[in-house]
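Note sheet for the following structure.
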Amino acid sequence: MRLTMMSDYALRVLLYAAAHPDRLVTIDETQEFYGMSRGHLMKIVGVLAGAGILRSRRGRAGGFTLGRAPEEIALGEVIRLTEPDFEMVECFGPASACAITGICRLPGIVNEALDAFMAVMDSHSLADMLPGAPDFAAIAPATRKRPMP
């Protein structure tokens, strides 16, 4: 299993926002820090803001910040928002052409594994991803401060 780039980037965006709890961070600084596509970042911030995970403000003095405390942001929630589907094998999809779909036990096993993966992701929050205090400076470089909304 591999998470999509959107899930990966969403978790990084949240980590960066958590590193700057006292101000709005911008798409530009996040793009510069991670070297991500501006278009991807804008889409991700939009999805996360729409779900209330981020708060965002448009305009020249705009940016984004966490919409909830890191402890309240379950990683499983982020994954469900950012993954397009969980079709781990062909027979999970509507266009399955597998000749043994009706008798094969693989889907049940894969579903069990996926449920276990999501249970672990649900049991952890953004707070669990945050590095320790000395390491936090690595994702919280000194940049121009912006006021909170």
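Every number in this text was worked out from the coordinates using simple rules, so none of it is lab data. The structure presented is a predicted model; accordingly, all values stated were derived computationally and were not measured. A quick note on method: Cβ atoms are made from the backbone with ideal geometry, for glycine too, and the neighbour counts reach across all protein chains shown.
Worth a mention:
- With respect to the chain, whose longest principal axis is taken over its alpha-carbon atoms, helix 106-122 is tilted by about 20°.
- Arranged from fewest to most other beta-carbon atoms within 10 Å of their beta carbon, T30, T101 become T101, T30.
- In terms of its alpha-carbon gyration tensor, segment 64-122 comes out oblate; a/c meets the 1.5 threshold, while b/c is at least as large as a/b.
- Taking amide hydrogens as placed 1.01 Å from N in the peptide plane, the amide H of L66 sits under 5 Å from those of R55, each at least 5 positions away in sequence or on another chain.
- Anisotropy class of segment 12-95 from Cα gyration tensor, a/c 1.5 cut: prolate
- Among S56, S96, the order by Cβ neighbours within 10 angstrom, fewest to most, reads S96, S56.
- Ranked list, fewest to most other Cβ atoms within 10 Å of each Cβ, for F92, F64: F92, F64
- Sequence-ordered 3J(HN,Hα) estimates for segment 50-56 from the Karplus curve with 6.51, -1.76 and 1.60 and θ = phi - 60° stand at x, 8, x, 6, 10, 10, 10 Hz, glycine and proline given as x.
- Residues whose amide H falls under 5 Å from that of S125, counting only those 5 or more places apart or on a different chain, are L75, with hydrogens built in the peptide plane.
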